[in-house]
Amino acid sequence: MTEPHVALSPAVSDEVRQTTCYMCACRCGINVHLRAGRVSYIEGNRDHPVNKGVLCAKGASGIMQITAPSRLQHPLKRVGPRGSGAFEPISWDEALSLAVAWMQPLRETAPEKLAFFTGRDQSQSLTGWWAQAFGTPNYAAHGGFCSVNMAAAGIYTIGGAFWEFGQPDWDRTKLFVLFGVAEDHDSNPIKIGLGKLKARGARVVGVNPIRTGYNAIADDWYGITPGTDGLMILSLIHCLFAAGKLDLAYLARFTNAPLLVNAADGPEKGLLLRNAEGQPIVIDRRSGAPAPWDGAGVEPDLGATWQGCRTVFQHMAERYLAPEYAPEAVAARCGISAPRIRALAAELARVAFDEAIEIAEPWTDFRGIRHQKMTGRPVSFHAMRGISAHSNGFQTARALHLLQIILGSVEVPGGYRLKPPYPKPVEAHGVPHFAAHPGTPLPGPVLGYVREPAHLALKPDGTPARIDKAFTWENPFSAHGLMHMVISNAHAGDPYPIDTLFLYMANMAWNSSMNTGRVMEMLTDTRADGEYVIPHIIYSDAYASEMVAYADLILPDTTYLERHDCISLLDRPISEPDAAGDSIRWPVIEPDREVRGFQSVLLDLGARLGLPGMVNDAGSPKFSDYADYIVHHQRRPGVGPLIGWRGADGAQEGRGDPNPAQLARYIENGGFYQAHVPAEAVFYKPWNAAYQAWAVKTGFQDTPQPYLFNIWSEPMRRFQLAAEGHGPAQPPEHLRAQVAEAMDPLPIWYPPFGEETATAYPLHALTQRPMDMYHSWGAQNAWLRQIRGRNFLYLPTKVWAKHGFAAGDYARVTSPSGEIVVPVAHMAALNEHTVWTWNAIGKRRAAWALDADAHEAKEGFLLNHLISELLPAKGDGHRWSNSDPVTGQAAWFDLRVKIERVGPRDHAEPAFAPIPRVVPKGGARA
Ligand code: SF4
């Protein structure tokens, strides 16, 4: 008898196409295996600079994104009441004509009546440019809900941010401290980096109320009380000042610590002293005389005084040596003992200064001084949403940057390194543009970085120019807009009514809104004449999310394997500290439904509306689709979305004419391009003459722009001066005190807003995002649902015991603005005043094509129902925003609750009615 032949290792594919993953902001390279034209398998691309072959659960499960039953099938027009889910399929031509019929009159009369907001948008350089061309100031992505505190604090302080804009020097760091990082963003690079640290025996310290994910492998864990990170950081700074453990040479050369601060009473007080040419001045140690900060050979003196004015450094010493920042003074509030704070400060100092490293690489700084080596402080930090989504998040993120700076550990070997096109000072970013005129584009980008009160988005009568009230006295530095305020402001007609709300990938009827139930009511509310308060809602997404039922017109997007995309240096690229990088997606499979890539649809709409830049002189469409735009659009002469293979022959990098073969070259190269930073330029980038020259050559900037780290923030001081009564533009009376406190030019800490409710609501409540879910997307992914189809409210031991909870119990959780009933579980590795859950597991019944009784719908829940966009009334006649007073970031980590035991049951509350299906049952790709 012969043995049967069994193919033990059949070929998984007959073709491999390389593109870029979508399910988080890492944008890993992937090999998509196809068998007979169908996707059979996805693996990591080992040659890709971001992930080097590593894939996370989401990336590996991408095949389930393209077979999901929840995929929208064709354009839909609402035919029943909003929220009923009653739609009829329509053609693309009808859908686009309808959208134009709503938008065209707005553009011709009042462009601001179109509000265009995007969620998990990875093409903001296009969507922002489109809004600018339309002429509406009402544009932003979801950063105001996510991490604008982190992004803005970084830009205003060091010219770059945490997030995916920089990373620790994984190869040289000896001590790594991680603050408030969730695992859903940048997850593969951080995992690879942590693996390197562990392999080298480097120390990892986690600072997070919750010990999950990365914190679970930390060598030491600081289970800090939410909202007090900034206080502990300032206490670490206090210890380092007291011990004299500061990198004085770094502070003197590369930061504004030696700059002189005007001490004269009046409208200039607290601004930096300037010479007749307007340059900030330092005292040069060589001469003892004032000199411009960037003068040739200047050696700034940190300790100088001149004409009664002190340096920034002296202001720092005075503030941070104050007893209020001593570990003993902050320990109880932070939930971290004073000896542990002192121990961490000592460890930071020891590693930074006693274990300093040197690289024998000569370089020249912007003052023309030649350095023979690069000195590294092998201490690095990383931080994300956990410290950002508080009402003191901006100043907390600033404080963390200050800690990095005094240790001399930014842009040095072993420290935190920024990725090109960062670092880039705040002055290199534009200011917001907001003055809408009929039929006219805005003169510049909608979003930007405010540097003085004159830049605020206010109308001549002082009212907000934007529907979300971004860039106003309530939140002057709202660089990412305030998406979380759009629907409530539009519903209230405050500051003005809008006509059309155009949303892309923003699940505002569910987990992308605070106060979710109320938002659903606002979306369906009608005026006295029976019309909806928000007359038109257009929504684009690839999947049948909760938001779909609340729109009037659905423009169905493709999945990420069916589209072109551009991960651009104009936006959020895939750079590494040693190389600028960008990448593409391309349709490795063709859609099997009547769907179109949103970016192509946007360009089509732009052409139909005749928007400048999107039509030729004769009025015909300038771009056939997004792929055509990626190749041929030029933001500045020679500078387009992609830096690789530019010029007619594809030989140019960074700058060059469009190359029709550019996308083909990217595909040949695995979907990405890297421009390597020269060896002399890889560290000290803001001050390194070689880096500045390379940045000009590669097209990031048109001239060298060396700058100093802004420990003392002049833009903030200008707002404080206004609050003190100086200048023509001043805050309204009820905001004067808030502006004066929050806009302190040196990092401060103040308690998160809402602390007055602490007695009645003694627990902090947080949401974490798991590394196997990206926002709400994972829920329709059959594989990822197996990993995390349920969520619990995790309770610390003390709370669990105090209330007598047992396995299987539910709890009633109440905040000042709502109540939910949810399943609970015990967790010991948790700050004792904190409860938490995984975000976005809970789903509206029957949304995402899930069964109405799926775990996610029946037992899953959101904390969003407990969070309001407004704080509880203070009795002063004003409703104060539940957001950071500098940036307007939604303060959803400030949530306070109380809980009581309910006992065993089988469903969570609130439970909303199922959403009728808008996709056919089944729905897998043919
Ligand atoms: S970390 Fe995971 S989800 Fe994010 S891009 Fe990489 S593979 Fe995709």
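What to note about this one:
- Selection within segment 204-233 - hydrophobic (A, V, I, L, M, F, W, C), surrounded by 24 or more Cβ atoms within 10 Å (Cβ to Cβ) and either farther than 30 Å from M773 by Cβ or free of Cβ contacts under 8 Å to residues at least 60 places away in the same chain (or both): V207, L231
- All of (1) on the phi > 0 side of the Ramachandran plot; (2) within 16 Å of the ligand (Cβ to nearest atom) hold for G85 with one exception: (2).
- When the criteria are applied in full, H48 fails the requirement of being assigned to a strand (DSSP E or B) and either within 16 Å of the ligand (Cβ to nearest atom) or in the same structural domain as M773 (by TED's automatic domain parsing) (or both).
- Matching entry among A580, A607 (being small (G, A, S) and either farther than 21 Å from R665 by Cα or surrounded by fewer than 19 Cβ atoms within 10 Å (Cβ to Cβ) (or both)): A607
- Pair list, Cβ < 6 Å and 6+ apart or interchain, from segment 8-32 residues that are on the phi > 0 side of the Ramachandran plot to residues that are within 16 Å of the ligand (Cβ to nearest atom) and of a type in the set (S, T, N, Q): R27/T20
- Residue list for segment 624-644, restricted to those being of a type outside the set (G, A, S), in a loop (DSSP other than H, G, I, E, B), surrounded by fewer than 22 Cβ atoms within 10 Å (Cβ to Cβ) and without any contact (Cβ under 8 Å) to a residue 40 or more places away in the chain: Q634, P637
- Among the residues making up segment 742-775, those that are over 25 Å from the mean Cα position of the chain (by Cα) and surrounded by fewer than 18 Cβ atoms within 10 Å (Cβ to Cβ) are E755, E756, T757, A758, T759, A760, P762.
- Taking the criterion of being crowded, with 22+ Cβ neighbours inside 10 Å and touching a helix residue (DSSP H, G or I) at 6+ places or on another chain (Cβ under 9 Å), the residues of segment 437-471 that qualify are V446, L447, V450, P453, P464, A465, R466, I467, D468, K469, A470, F471.
- Among the conditions (1) out of contact with any Phe, Trp or Tyr (no Cβ under 9 Å at 6 or more places or on another chain); (2) crowded, with 23+ Cβ neighbours inside 10 Å; (3) assigned to a loop (DSSP other than H, G, I, E, B), M485 misses just one, which is (3).
- Some residue of segment 58-70 being assigned to a loop (DSSP other than H, G, I, E, B), touching a helix residue (DSSP H, G or I) at 6+ places or on another chain (Cβ under 7 Å) and away from the ligand (no atom under 16 Å from the Cβ): yes
- When we screen L766, L795 for residues that are away from the ligand (no atom under 16 Å from the Cβ) and touching a helix residue (DSSP H, G or I) at 6+ places or on another chain (Cβ under 8 Å), the only hit is L766.
- Candidates E594, E562, E590 - the one that is assigned to a loop (DSSP other than H, G, I, E, B) and in contact with a His (Cβ under 8 Å, 6 or more places away or on another chain): E594
- Applying the criterion of being among the hydrophobic types (A, V, I, L, M, F, W, C) and not in a loop (DSSP other than H, G, I, E, B) to the residues of segment 290-321, the residue that is surrounded by the most Cβ atoms within 10 Å (Cβ to Cβ) is F313.
- Only residues that are under 20 Å from P443 (Cα atoms) and not in a strand (DSSP E or B) were counted across segment 603-623, and they come to 11.
- Enumeration of residues in segment 253-280 that are under 32 Å from the mean Cα position of the chain (by Cα) and more than 26 Å from M743 (Cβ to Cβ): R253
- Any hit, segment 909-917, residues being among the aromatic types (F, W, Y), farther than 26 Å from A457 by Cα and in contact (Cβ under 8 Å) with a residue 60 or more places away in the chain: yes
- Taking residues in segment 841-867 that are over 12 Å from H907 (Cβ atoms) and surrounded by 24 or more Cβ atoms within 10 Å (Cβ to Cβ), and partners anywhere that are among the acidic types (D, E) and at pLDDT below 90, not one pair has Cβ atoms closer than 6 Å while being at least 6 places apart or on different chains.
- Test: residue in segment 99-117 that is surrounded by fewer than 20 Cβ atoms within 10 Å (Cβ to Cβ) and free of Cβ contacts under 8 Å to residues at least 60 places away in the same chain: yes
- Residue within segment 405-417 that is of a type in the set (S, T, N, Q) and part of a loop (DSSP other than H, G, I, E, B) present: yes
Rundown of residues vs (1) closer than 17 Å to G244 by Cβ; (2) within 37 Å of the chain's Cα centre (by Cα), yes/no style:
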| site | (1), (2) |
| --- | --- |
| V282 | no, yes |
| G295 | no, yes |
| P300 | no, yes |
| Q307 | no, no |
| Q314 | yes, yes |
| A322 | yes, yes |
| Y325 | yes, yes |
| A329 | no, yes |
| A332 | no, yes |
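- Among residues of segment 27-42 being more than 14 Å from I66 (Cβ to Cβ), of a type outside the set (G, A, S) and buried (at least 24 other Cβ atoms within 10 Å of the Cβ), the one that is farthest from the ligand (Cβ to nearest atom) is R27.
- Verdict on E88 being modelled with pLDDT of 95 or more and over 34 Å from the mean Cα position of the chain (by Cα): yes
- Members of segment 322-371 found to be among the hydroxyl-bearing types (S, T, Y) and surrounded by fewer than 17 Cβ atoms within 10 Å (Cβ to Cβ), listed by number: S337, T364
- Residues of segment 14-26 satisfying the condition of being in a loop (DSSP other than H, G, I, E, B) and either near the ligand (Cβ under 9 Å from one of its atoms) or surrounded by 15 or more Cβ atoms within 10 Å (Cβ to Cβ) (or both): C21, Y22, M23, C24, A25, C26
- Qualifying residue in segment 100-114 (condition: within 16 Å of the ligand (Cβ to nearest atom), within 30 Å of the chain's Cα centre (by Cα) and under 25 Å from N507 (Cα atoms)): no
- Entry remark, segment 879-908: residues being touching a residue at least 12 places away in the same chain (Cβ under 8 Å) and closer than 19 Å to V486 by Cα number 13 in total.
The values are calculated or read from the model by the stated rules, or taken from the named source; none is laboratory data. Small disclaimer: the values here were computed from a predicted structure and weren't measured. Reconstructed Cβ throughout: ideal geometry from the backbone, glycine too, with neighbour counts over all protein chains shown.
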